[in-house]
Amino acid sequence: MTKSEQLFERACKVLPGGVNSPVRAFRAVGGKPRFIVKGLGSHVLDEDGLEYIDYVGSWGPMVIGHSHPDILKAVYDRMVNGLSFGAPTALEVEMAEKMVEMVPHIEMVRMVNSGTEAVMSAVRLARGTTGRDKIIKFEGCYHGHSDAMLVGAGSGALTQGEPDSKGVTRGAAQDTLMAQYNDLASVERLLDANHGQVAAVIVEPVAANMGVVPPKDGFLQGLRDLCDKHGSLLIFDEVITGFRLAAGGAQEYFGVRADLVTYGKIIGGGMPVGAYAGPRTLMEQVAPCGPVYQAGTLSGNPVAMAAGLTQLRILTDHTEIYTVMETSARYIANHLRESAKQHGVAMQVNQVGSLLCPYFTETPVDCFAAAKTSDTKKYAKYFNEMLSRGVYLAPSQFEAMFVSSAHTQKDLAFTVQAAEESIAALGN
Ligand SMILES: *Cc1c(COP(=O)(O)O)cnc(C)c1O
């Protein structure tokens with residue numbers, strides 16, 4: 001048995017499924033998870049000394065790679081003065097100022113500890129300020145595991161075979177209405193049928209929890225217009241896209257304004273952080289300014305702020321990072337398409353910025369139904385072929401491949417070579 005296998009065996013006795021988050025368990029692709037000991041730049045090393053080029057990047061946070069020396073130094077410098085106080089620190093102010101500077105249309109920020117918490121709180125704020133109960137979300141979009149959002153959810157929930165979790169009450173689910181991604185008419189029908197009752201429409205500006213599905217031209221602006229017409233708020237869940245598509249996230253990248261924005265992943269630089277943000281008028285409805293209650297013992301934790309703020313500073317100081325990542329992702333996407341064609345494998349490759357995803361299907365993937373036409377057994381085989389060649393992909397079809405600015409030309413060349421061999425193996 002490998003060290004990873006030994007650890008997994010122990011893990012399964014004391015952790016449900018051997019993991020602390022379902023998709024890590026490799027159930028969708030077969031085999032056993034690798035236990036990681038170290039990450040440096042674009043590479044991770046497992047307990048058995050095997051090295052991989054990493055395209056999971058902690059599911060998004062490691063946008064400039066693992067163990068960036070500036071981030072480690074910031075964490076260390078902060079850490080030696082104490083880990084948490086439950087009182088304000090200067091870093092929280094600097095973090096909020098930095099976010100407001102980088103992102104269009106936001107004036108105030110509230111820090112929390114995860115993306116789930118960010119979305120849950122933003123939804124509460126939307127309900128609190130509009131006095132309405134219902135929320136529209138899109139099938140296949142994932143917004144964390146709060147009760148109201150575990151309806152038609154993407155990501156790990158998709159390969160569980162049971163998208164809607166047990167333990168979510170009918171009461172919590174009944175106020176969540178389901179629309180189809182890239183289908184404005186499906187949103188309009190719900191808004192009309194629930195006139196004056198919809199607090200918010202929440203969307204991943206690029207859907208990145210059913211693989212990667214880009215918004216069609218006019219989709220996001222169409223949501224903006226529909227929300228304005230019906231007095232509903234538009235929430236961009238930018239837990240993945242925030243600070244990844246562009247310094248100002250999807251609002252900058254697509255030129256569409258959201259009322260509230262949620263963050264996670266990248267803003268922690270690898271530490272557990274989330275945030276929600278918006279204009280002053282809305283954000284001042286949050287306690288202690290306003291009647292919408294939300295709190296957190298460790299929110300704005302100084303060590304987490306040090307990591308996140310340093311990462312945001314690097315992204316602002318080196319804006320070329322965005323072009324570099326997009327070029328790398330496009331390079332991989334083009335090579336995947338070529339290899340699939342060459343070996344007669346049906347494949348669609350979606351790519352937006354540094355996010356991409358190959359689907360094993362003839363059907364262009366523009367919504368959840370299309371994403372589900374992918375042959376997930378083929379993905380599992382492809383995943384394992386890639387893993388055995390030293391390329392670590394998401395252990396599920398319905399996740400993005402995260403390219404970072406730390407991926408070198410050498411990494412990319414190695415990756416597309418491994419992909420060609422892996423795709424060739426599928427053809428047989
Ligand atoms: C990951 C994710 C979340 C949940 O964030 P956690 O930190 O895992 O709670 C919410 N929304 C989107 C779009 C995500 O990708």
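The values are calculated or read from the model by the stated rules, or taken from the named source; none is laboratory data. Note that the coordinates shown come from a computational prediction; the quantities given were computed from them, not determined experimentally. Quick reminder, even Gly has a Cβ in these numbers, built from the backbone with ideal geometry, and neighbours come from all protein chains shown. For accessibility, only protein heavy atoms count, side chains too; no ligands or nucleic acids. Shrake-Rupley method; radii C 1.70, N 1.55, O 1.52, S 1.80 Å.
Points worth noting:
- Subset of segment 285-312 [surrounded by 14 or more Cβ atoms within 10 Å (Cβ to Cβ) and part of a loop (DSSP other than H, G, I, E, B)]: Q285, G290, Q294, G296, L298, S299, G300, N301
The rows are residues; the columns are (1) of a type in the set (A, V, I, L, M, F, W, C); (2) over 21 Å from P272 (Cβ atoms); (3) over 23 Å from the mean Cα position of the chain (by Cα).
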residue	(1), (2), (3)
D77	no, no, yes
V80	yes, no, yes
P88	no, no, yes
A96	yes, no, no
V109	yes, no, no
N113	no, no, no
R127	no, yes, yes
K137	no, yes, no
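- Segment 225-242, residues that are more than 13 Å from the ligand (Cβ to nearest atom) and among the hydrophobic types (A, V, I, L, M, F, W, C): L226, C227, L233, L234
- With respect to the conditions (1) under 24 Å from the mean Cα position of the chain (by Cα); (2) buried (at least 24 other Cβ atoms within 10 Å of the Cβ), I423 falls short on a single one, namely (1).
Let's see how each residue does on (1) closer than 23 Å to V187 by Cβ; (2) of a type outside the set (A, V, I, L, M):
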{"residue": "A87", "(1), (2)": "no, no"}
{"residue": "E101", "(1), (2)": "no, yes"}
{"residue": "I106", "(1), (2)": "no, no"}
{"residue": "V112", "(1), (2)": "no, no"}
{"residue": "T116", "(1), (2)": "no, yes"}
{"residue": "V119", "(1), (2)": "yes, no"}
{"residue": "T129", "(1), (2)": "yes, yes"}
{"residue": "K134", "(1), (2)": "yes, yes"}
{"residue": "F138", "(1), (2)": "yes, yes"}
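- Yes/no for A258 being part of a helix (DSSP H, G or I), within 16 Å of the ligand (Cβ to nearest atom) and either of a type in the set (S, T, Y) or touching a residue at least 24 places away in the same chain (Cβ under 8 Å) (or both): no
- Residues of segment 46-81 satisfying the condition of being on the phi > 0 side of the Ramachandran plot and outside any loop (DSSP other than H, G, I, E, B): G57, S58, W59
- Scope segment 116-155; condition crowded, with 22+ Cβ neighbours inside 10 Å, near the ligand (Cβ under 10 Å from one of its atoms) and assigned to a helix (DSSP H, G or I); matching residues: E117, A118, V119, M120, M149
- For segment 259-272, the count of residues that are charged (D, E, K, R) and crowded, with 23+ Cβ neighbours inside 10 Å is at least one.
- Hey, G167 away from the ligand (no atom under 14 Å from the Cβ), open to solvent by 10 Å² or more (accessible area, probe 1.4 Å) and more than 23 Å from D133 (Cβ to Cβ) or not: no
- Restricting segment 1-45 to residues that are part of a strand (DSSP E or B) and surrounded by fewer than 19 Cβ atoms within 10 Å (Cβ to Cβ), the residue that is nearest to the ligand (Cβ to nearest atom): I36
- Cβ-Cβ distances below 6 Å connect the following pairs, each with a first residue in segment 323-346 that is more than 10 Å from E420 (Cα to Cα), a second residue that is outside any helix (DSSP H, G or I) and open to solvent by 60 Å² or more (accessible area, probe 1.4 Å), and a separation of six or more residues or different chains: A346/E362.
- The residues listed here are A250, A246; of these, the one that is within 16 Å of the ligand (Cβ to nearest atom) and of a type in the set (A, V, I, L, M) is A250.
- So P205, is it closer than 22 Å to S396 by Cα and either within 10 Å of the ligand (Cβ to nearest atom) or assigned to a helix (DSSP H, G or I) (or both): yes
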